[in-house]
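Comments concern the structure below.
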Amino acid sequence: MPKIFGLLTLVLLFCACDSNIVEGEMRDIPGFWHKDDVLTYTLPELDSLKSYHLFLHLRNTNEYPFNNIHIIASIEFPHGKTITDTLEYRMAAADGSWLGTGIGTVKESKFWYKEGVRFYEDGDYTLTVSQAVRNNGEVHGVTQLEGITEIGYSIEEANQQP
């Protein structure tokens with residue numbers, strides 16, 4: 001009984017920490033993230049009068065061979081405009097320990113993507129995410145990126161009152 005109570009308490013704490021998440025989705029990566037694999041997410045319809053923060057989430061294991069990751073992320077607006085960003089995020093500290101959170105061998109990292117975004121246009125917004133990791137001194141990207149198990153996003157209200 002005490003173990004169940006402790007587990008329930010942990011679940012409630014984790015849920016309470018993410019109470020300002022409006023929407024989010026995670027997708028499994030089967031075995032490796034191929035350089036040509038583009039993950040596409042259709043964002044939900046959001047209140048055009050509010051501002052939002054967008055985050056990217058990655059879950060990795062100890063098989064991930066790098067201390068950082070390069071990602072290409074794009075948002076396509078309903079009327080055709082597209083904003084593309086090449087992003088670099090640090091995954092590990094100088095001593096090799098993972099910066100993400102989690103218990104065991106899987107760590108989750110939450111990275112800022114866009115701050116204070118407003119969704120003025122009616123229609124579907126599409127988020128695409130792909131990896132652009134390269135080995136030092138090489139022109140071509142890593143074809144099969146090992147150690148990434150899930151990739152996703154979350155959207156949080158920017159003007160959330162405590």
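The values are calculated or read from the model by the stated rules, or taken from the named source; none is laboratory data. Model, not experiment: these values are computed from the prediction. A quick note on method: Cβ atoms are made from the backbone with ideal geometry, for glycine too, and the neighbour counts reach across all protein chains shown. What goes into the accessible areas is simple: the full protein's heavy atoms, side chains included, and nothing from ligands, DNA or RNA. Shrake-Rupley method; radii C 1.70, N 1.55, O 1.52, S 1.80 Å.
Please work out the Cα center distance from segment 85-114 to segment 21-49, rounded to the nearest Å.
Their Cα centres are 17 Å away from one another.
Quick check: residue separation of residue 23 and residue 139 times 0.36 nm, minus the Cα distance between them. What number comes out in nm?
Values: separation 116, 0.36 × 116 = 41.76 nm, distance 3.66 nm.
Computed gain between residue 23 and residue 139 is 38.1 nm.
Å³ per residue of the Cα convex hull, for segment 100-153?
On the way: hull volume 8.6 nm³, N = 54.
Value for segment 100-153: 159 Å³ per residue.
Within the accessible area of segment 20-162, what % is carbon and sulfur when the probe is 1.4 Å and the other protein chains stay in place? Provide the component values of the computation, followed by the final result.
Working: 3710 of 7980 Å².
Here carbon and sulfur together make up 47 percent of the probe-accessible area.
Mind listing the phi-derived Karplus ³J(HN,Hα) values for segment 65-73, rounded to whole Hz, using 6.51, -1.76 and 1.60 with θ = phi - 60°, and x for any glycine or proline?
Result, rounded to whole Hz: x, 10, 9, 9, 9, 10, 10, 10, 10.
Which one, [x] 1.14; [y] 0.97; [z] 0.91, gives Cα Rg over 2.2 N^0.38 Å as derived from the coordinates shown?
The value matching this structure is [x].
DSSP loop (so not H, G, I, E, B), at most 13 other Cβ within 10 Å: list which GluC sites (Glu not before Pro) in segment 39-77 pass both filters.
Qualifying residues, ordered by number: 45, 63.
What lysines could a cross-link reach from residue 35, if we take a straight Cα to Cα line under 28 Å and drop same-chain neighbours fewer than 8 places away?
Cross-link targets: 81, 107, 110, 114.
Measuring from centroid to centroid over Cα atoms, what is the spacing of segment 53-67 and segment 130-144 in Å?
Here the two parts' Cα centres lie 16 Å apart.
So what is the 222 nm mean residue ellipticity for the chain from helices alone, if each DSSP H run of at least 4 adds -39500 (n - 2.57) and you divide by all residues, rounding to the nearest 500 deg cm²/dmol?
On the way: 1 runs with 16 residues, N = 162.
Value at 222 nm, helices only, nearest 500: -3500 deg cm²/dmol.
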